[in-house]
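Each remark here refers to the structure printed beneath this line.
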Amino acid sequence: MTPRAHIFLLDDDDLTTGVLARVLETAGYEVLARSDPAGAVDEIQAFAADLVLLGLEPSGATAFRILSELAERGIDSQAVIVSSDSSAESAVRAMKAGAVDYLTKPFDVEQAKLAIGAIVEKGQIRQELEYLRRISGSELAHREIVGSSPAVRTVRAGIEKLAKAGVTMMLVTGESGTGKELVARHLHHLLHGETGGRLAPFIGVNCAALPETLIESELFGHEKGAFTDARAEKKGVFEIASGGTILLDEIGEMDWHLQAKLLRVLEERSFRRLGGRAVIPVRATVIATTNCDLDAAMKAGEFRTDLFYRLATFSLHIPPLRERADDVLELSRHFLDCFAAKYRRPPLAGLSDDAARLLLAYPWPGNVRELRNVMERIVVLESGGEVLPEHLPKEILYLRAGAEPAMADAGAAVLPEEGLSLDALERSLIEQALVRARGNKTIAARLLGISYDSLRYQAKKLGLGNGQRGPGAEEWAPPG
């Protein structure tokens with residue numbers, strides 16, 4: 001969903017700005033209206049305005065000063081002058097000063113709304129193109145995997161070796177959120193780049209999301225009349241992705257029957273559409289990913305051994321973020337920069353020492369995806385300065401003494417003496433929660449205000465709790 005555009009109105013004509021603000025808000029824009037120009041540029045920057053409507057007073061000094069200051073600060077907000085002066089000279093002067101349009105009072109509100117909508121849309125398209133230009137070949141889409149830890153260097157080296165070998169199929173494993181798709185896209189870029197001046201296709205299929213009755217048609221296509229609802233011929237992913245890459249996400253969730261058909265396709269490098277006779281060659285790289293334990297799935301008879309060994313001829317394992325803590329701060333800074341560019345927010349000054357310490361201590365059960373989401377939230381909700389502990393979510397912040405209100409509310413927070421290490425403080429808080437919860441980790445996690453997975457990981461790391469419910473735990477609940 002596209003974020004709502006921000007429009008800043010500045011005019012000493014309260015009637016005009018009031019009417020226009022209501023119309024624009026009804027049209028779905030977020031509007032901030034002001035009549036006093038004092039501090040306007042700071043407000044425009046903080047509001048991250050996409051469009052600024054400036055009332056032009058007779059002298060024009062204030063409006064042109066604001067236009068000049070916006071340019072000097074590098075604030076990329078489009079500006080439209082609103083004036084009762086209908087002379088061509090005034091309009092030309094406004095355009096030379098940096099305005100993108102000039103509206104003359106009195107104006108029809110609906111026509112003004114249409115004009116403003118067109119300007120906002122053009123601006124958003126321009127921003128998207130600039131953003132894509134910045135990230136193309138580098139920042140997000142094709143950039144080598146971010147991180148300097150030994151684990152990431154191993155993954156990066158493996159990708160480069162596979163690309164040089166020109167592999168046609170491989171398996172990428174790792175926990176949810178570790179970046180398996182990013183690895184697949186990076187390998188795709190190294191293998192295919194651009195083909196004939198166009199980007200080679202990269203098509204992903206979530207094997208767990210599509211119904212079993214549809215996934216075969218999605219992968220291999222069908223002929224008209226192949227089944228009841230097949231009213232027209234349809235190409236499948238294996239055909240559409242020719243010359244590029246197919247990502248089979250969550251391959252461990254694929255239906256057993258379809259696993260057998262996929263194995264034949266990979267072995268023969270060809271397939272037929274459903275209901276078809278023509279043999280179609282496979283000309284795409286196939287990359288399968290999974291966060292499942294395929295060894296356990298094979299032992300349980302849920303995943304074909306022959307398909308596993310066919311896919312795993314070439315494989316990469318992406319380690320969880322907790323096993324490459326050296327990358328946490330580098331990734332954090334990377335995401336802060338990327339999201340500041342995406343949302344056109346003022347760049348943050350970096351991470352404070354306290355925030356960095358908490359980020360390093362947290363186990364990141366959601367892996368890189370969780371870290372990415374945390375940094376995106378900070379960029380959107382905070383402005384300027386350093387990232388401080390209070391900007392972090394409570395599941396990270398609870399590691400800081402006295403920062404978790406849920407413990408105090410439950411009457412369980414007896415903080416240790418000052419001067420203890422972060423690990424000692426963490427141990428003390430978790431011990432208190434487990435005692436209060438009589439060994440029930442679900443209740444203890446609720447007391448601490450963190451996820452069950454986070455508590456389980458920390459408790460295991462610190463050697464706390466046996467995961468069993470204590471006597472009476474089923475009846476016990478936090479006070480209140």
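Test of understanding: what is the full-extension gain from Ala300 to Tyr343, defined as 0.36 nm times their sequence separation minus their Cα-Cα distance?
This chain segment gains 10.8 nm when fully extended.
Can you tell me the FRET efficiency between Ser451 and Val279 if r is taken as the Cβ-Cβ distance and R0 is 41 Å, rounded to the nearest 0.05?
Approximately 0.25, to the nearest 0.05.
Separation of region 167-233 and region 1-69 by C-alpha centroid, Å?
So the separation of the two Cα centres works out to 46 Å.
Separation between the Asp13 and Lys161 pseudo-spin-labels, each 7 Å from Cα along Cα→Cβ, expressed in nm?
7.1
How far is it, in nm, from the label point at Arg153 to the one at Glu390 when both lie 7 Å from their Cα along the line to the Cβ?
4.1
First select every other residue whose beta carbon is under 9 angstrom from the beta carbon of Tyr29; then total the charges, Lys and Arg +1, Asp and Glu -1.
Local charge sum for Tyr29: -2.
Can you tell me which lysines have their Cα less than 18 Å from the Cα of Lys180? Leave out same-chain residues fewer than eight positions away.
Partners within reach: Lys161.
What length, rounded to one decimal in nm, is gained on full extension from His317 through to Lys122, with 0.36 nm per residue of separation minus their alpha-carbon distance?
Computed gain between His317 and Lys122 is 65.9 nm.
At what distance in angstrom do the alpha carbon centres of region 240-310 and region 322-399 lie from each other?
Measuring centre to centre over Cα atoms gives 37 Å.
Read-outs throughout are calculated quantities, based only on the coordinates presented, and are distinct from any laboratory measurement. Here the structure is a predicted model, which means the values were calculated and not measured. When we count neighbours, we look across all protein chains shown, and the Cβ atoms used for this are built from the backbone with ideal geometry, even at glycine.
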